[in-house]
Amino acid sequence: MTLDIRARLAEVLPGVRSDLEDLVRIESVSADLTRASEVQRSAEAVADLLRGVGCTDVEIVSAREDGGAPAVLGHKAGPEGAPTVLLYAHHDVQPENDHAEWDSAPFEPTEREDGRGGVRLFARGAADDKAGIAAHVGALRILGDDLPVSVTFFIEGEEEMGSESLPDLLATYKDRLAADVIVIADSGNWDIGVPALTTSLRGLVRMDVEVRTLTHAVHSGMWGGLVPDAIITLSRLIASCFNDDGSLAIEGLKSSAAADVEYPEERLRAESGAAPGIEWIGQGPVVERLWTQPALSITGFDAPKVEGSSNTLVPTARARFSLRTAPADTSANALAALQAHLEKHLPWGATLNAVVVDTGEATQIDATGPAYEAARAAFTEAWDGTAPVDMGVGGSIPFIAEFLDAFPQASVLVTGVEDPDTRAHGANEGLHLAEFEKVVLAEALLLKNLGELER
């Protein structure tokens, strides 16, 4: 059947590529309420694709009566007694931001070389995550009437806004979504030519931290040297969170080990965008610092601008703390540890006001058992003998933990179409076309392998 699958891949791939380009042209930016009709149009286009591969009970649903972002459900039955596989992706995309930063129109899919010997399809959503939808659809087109498993589609419409209504959707449609295996196509591969299964993701705690040292601004010449200003105070508080080597000094945060994977220095330099001469921070293996240790970033800072600033002591300053939590930790523990640290290290009697923005749980997957063996065999075959890496992701996809909670008996496989140079969420997002072909092949092989498991 393998040779037939490869031959069938060649037949269906042009149509899959065309359908992907049509999806990409739809500006389904879920965070932009003025483009809500585009998100709806995207859901309708996905529903048509599911009907086209023989799905029944195709439905566009929302968890809220007030018009929440639309998700798409569909089902295609396999042989009686076959396992059921839930295929997840999302059809909404990030805002494209400044068009001037793009080398081609962000919603017009454009093929060109990527400067590393590969050919990419550039557009917002070309990879994250409309290619995930296309990979699912392509796998079913390859298998056609020989589909060896039952398949349920769940294509979400608000992942890029944090999947706020996902728990409600999972609760409302739990019976329709129940599956033996869940394939989440919203991650990536280790490198071009090296597939991966994502087995851990960090969680997220975001907090807006404001300090106050004065009831009102006062002259810096009159009072400087006696009264601390809020910017210095907040800077000291931020600095207290770090040791001299850049590792975190916040007591109570948890860490864990990562897979034994070497991250070459040249790749780190190229992929991180680090300025020349910059030194790495933290302690331990690189992949642990990126995947399984906590990390704190300051992603916003409110204070007077340099241009036009006056000679006054600033009474208040505010920063957004973005804390990535290790897979071994919980958001509740991390939040408590961060709050306790801030209160303990607040200097000079300043007033602290800390407001939680949001939280998301980390994920640790036990990637053992028949479903994972089936996936590894499929990936190895699709990548011509290169076995997949068990990799972590430093970012957060909280909804994966929600799937694990909702379906504790299911095997959850997290994979995707991205690579280290995809630039998801940024300008010039691009899908590596040769790798995408392998992703589609791998998913068809995976479904075949799952259908052959002992029932």
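The values are calculated or read from the model by the stated rules, or taken from the named source; none is laboratory data. Remember, predicted model here, so these are calculated numbers, not experimental data. Here the Cβ is made from the backbone with ideal geometry for all residues, glycine too, and neighbour counts use every protein chain on show. Calculation scope for accessible area: heavy atoms of the full protein, side chains included, ligands and nucleic acids excluded. Shrake-Rupley method; radii C 1.70, N 1.55, O 1.52, S 1.80 Å.
From the list SER150, SER163, SER62, the lone residue that is under 30 Å from THR359 (Cα atoms) and either open to solvent by less than 20 Å² (accessible area, probe 1.4 Å) or of a type in the set (Phe, Trp, Tyr) (or both) is SER163. Checked against (1) of a type in the set (Gly, Ala, Ser); (2) closer than 26 Å to PRO398 by Cβ; (3) surrounded by 12 or more Cβ atoms within 10 Å (Cβ to Cβ), ALA317 passes all but condition (2).
Residues in the range 114-139 that are in contact with a helix residue (DSSP H, G or I) (Cβ under 8 Å, 6 or more places away or on another chain) and within 20 Å of ALA374 (Cα to Cα) were compared, and the one that is surrounded by the most Cβ atoms within 10 Å (Cβ to Cβ) is ALA139.
Among the residues making up the range 29-59, those that are open to solvent by less than 30 Å² (accessible area, probe 1.4 Å) and more than 20 Å from GLY138 (Cβ to Cβ) are VAL29, SER30, VAL39. All of ALA387, ALA434 fail the test of being open to solvent by 20 Å² or more (accessible area, probe 1.4 Å) and either touching a His at 6+ places or on another chain (Cβ under 6 Å) or not in a helix (DSSP H, G or I) (or both), apart from ALA387. From the list VAL261, VAL287, VAL227, the lone residue that is part of a loop (DSSP other than H, G, I, E, B), under 28 Å from GLU435 (Cα atoms) and either touching a strand residue (DSSP E or B) at 6+ places or on another chain (Cβ under 8 Å) or among the hydrophobic types (A, V, I, L, M, F, W, C) (or both) is VAL261.
Of everything in the range 352-379 that's touching a residue at least 40 places away in the same chain (Cβ under 8 Å) and of a type in the set (S, T, N, Q), which residue is most open to solvent (accessible area, probe 1.4 Å)? It comes out as GLN364. Of the residues making up the range 81-95, those that are over 28 Å from GLY193 (Cα atoms) and modelled with pLDDT of 95 or more number 4. Taking the condition of being surrounded by 16 or more Cβ atoms within 10 Å (Cβ to Cβ), in contact with a Lys or Arg (Cβ under 6 Å, 6 or more places away or on another chain) and under 30 Å from LEU447 (Cβ atoms), how many residues in the range 74-113 meet it? Selection size over the range 74-113: 1.
For TRP223, the test of being aromatic (Phe, Trp, Tyr) and closer than 30 Å to LEU431 by Cβ is failed.
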